[in-house]
Amino acid sequence: MNYLAHVYLSGNNQDIAIGNFIADSIKGNKYKEYPILWQKGVFLHRFIDSYTDSHTIFRDHSRLFFDSHRHYSRVLVDIFYDHLLAKNWNKYCNISLEDFSEIFYRNLLINKNKLPLKVKSSLKYLIKENWFKSYSTIEGLNKILIKMESRTKYPSKLSSSIEKFVSLLPLIEQRFFIFFNDIQNAVNNQFNN
């Protein structure tokens with residue numbers, strides 16, 4: 001799962017959402033340096049990643065892109081799942097994607113001084129280009145892939161995956177709904193009991 005899904009799966013707690021959002025920038029036990037609810041968000045992020053990586057549907061979808069993108073295939077599917085979540089937003093959330101995004105972006109800015117440096121440096125692009133909203137269209141998705149491609153350590157050609165994704169979209173989307181239902185239940189069972 002990528003940014004949008006991680007924040008969405010944090011529920012209504014903005015502090016947990018921020019911790020979940022910044023978790024990739026926090027290695028090992030460095031999470032202890034952050035407020036307790038941000039720490040819970042880091043744990044939630046790690047749980048979501050572990051659950052996703054082991055789920056049969058996610059692994060099947062990653063295999064579809066493995067020949068062309070190798071270890072980036074999982075990154076692609078994470079991003080494609082954010083597209084499917086954004087595209088079907090009204091199925092999952094009773095507030096608009098625009099309002100959801102604005103609330104979260106505002107809370108990131110309020111807490112900007114506490115964010116890890118890596119997150120701070122990408123914050124203006126996230127907000128200015130409204131990545132959460134961009135996920136909802138193929139054009140926006142392509143722009144995100146191009147931006148991410150420019151930041152990968154090794155040549156990734158992420159944007160070259162769009163045509164294949166579009167051709168497989170009905171198949172991937174149908175199984176995404178099953179996967180996303182599973183992950184919502186897993187998060188609720190693990191963190192809301």
Residues located in region 64-80, provided they are in contact (Cβ under 8 Å) with a residue 12 or more places away in the chain and over 17 Å from the mean Cα position of the chain (by Cα): Leu64, Phe65, Ser68, His69
Do you know which residues across region 3-51 are in contact with a helix residue (DSSP H, G or I) (Cβ under 6 Å, 6 or more places away or on another chain), assigned to a helix (DSSP H, G or I) and among the hydroxyl-bearing types (Ser, Thr, Tyr)? Ser25, Tyr31, Tyr51
Members of region 141-170 found to be under 16 Å from Asn88 (Cβ atoms) and at pLDDT below 95, listed by number: Leu141
Restricting to region 118-127, name every residue that is open to solvent by 90 Å² or more (accessible area, probe 1.4 Å) and touching a residue at least 60 places away in the same chain (Cβ under 8 Å). Lys118
In a helix (DSSP H, G or I), closer than 15 Å to Phe176 by Cα and touching a residue at least 24 places away in the same chain (Cβ under 8 Å), is that true of His61? yes
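Please list, ordered by residue number, the helices (runs of 4 or more DSSP H) wholly in region 81-175 having 3 or more residues that are over 17 Å from the mean Cα position of the chain (by Cα).
Output list reads 97-110, 117-128.
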Report yes if Trp89 is farther than 19 Å from Ile172 by Cα and modelled with pLDDT of 95 or more, otherwise no. no
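Per-residue answers, yes or no, for (1) surrounded by 19 or more Cβ atoms within 10 Å (Cβ to Cβ); (2) at pLDDT 95 or above:
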position: Lys30; (1), (2): no, no
position: Trp38; (1), (2): yes, yes
position: Ser62; (1), (2): yes, yes
position: His83; (1), (2): yes, yes
position: Asp99; (1), (2): no, yes
position: Phe104; (1), (2): yes, yes
position: Asn113; (1), (2): no, no
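The values are calculated or read from the model by the stated rules, or taken from the named source; none is laboratory data. From a predicted model like this one, the values you see are computed outputs, not experimental measurements. Reconstructed Cβ throughout: ideal geometry from the backbone, glycine too, with neighbour counts over all protein chains shown. Each accessible area value is taken on the protein alone, full model and side chains, heavy atoms only, with ligands, DNA and RNA left out. Shrake-Rupley method; radii C 1.70, N 1.55, O 1.52, S 1.80 Å.
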